[in-house]
Amino acid sequence: MPFLVFTNLHISHNYYQNANAIFALVAVGMALASFVQGTRPVVALVLLAAISAGQLVFFHSRYASLIQADFTKDDAYQIALQAKREVSPVKASSSSVRIGLQLCTIIANEKDFP
């Protein structure tokens, strides 16, 4: 229902689907449980195997390459390493840190706040 009401929101922000996934998971689980308790436990096993195989194929096609990739040459990783080398935890809690990929035109310091 939320996807039908807020379609554009769900399309532009894909993390909203996480809440809907929980309800879909419960619905599929209840359907499989009804097959197991009914006269069709074999159908439930086949459906469970098909869902599991589909999830494995989807994960492998979408996320496996990201897990195996080497991001040590990425700009964001290099910036994070530089920040880690330059800023101690004590220093970070008492001052502002200006390291990044883009220029921020407004940076607030502690002296800006009374």
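The values are calculated or read from the model by the stated rules, or taken from the named source; none is laboratory data. Computed from a predicted structure; not experimentally measured. Cβ sites come from the backbone with ideal geometry, for glycine too, and all protein chains shown count toward neighbours.
Val90 meets the conditions (1) in a helix (DSSP H, G or I); (2) over 30 Å from Leu4 (Cβ atoms); (3) at pLDDT 85 or above in every case but one. The failed one is (3). Taking the criterion of being modelled with pLDDT under 90 and under 26 Å from Leu4 (Cα atoms), would at least one residue in region 31-47 satisfy it? Yes, the conditions are met somewhere in region 31-47.
Looking across region 21-52, just one residue is among the small types (Gly, Ala, Ser) and not in a helix (DSSP H, G or I), and that is Gly38.
Test Ser65 against the stated conditions and say whether it is under 30 Å from Phe6 (Cβ atoms), surrounded by fewer than 10 Cβ atoms within 10 Å (Cβ to Cβ) and of a type in the set (Gly, Ala, Ser). Taking the combined requirement at face value, the residue does not satisfy it. Lys84 passes every criterion in (1) modelled with pLDDT of 80 or more; (2) assigned to a helix (DSSP H, G or I); (3) among the charged types (D, E, K, R) apart from (1).
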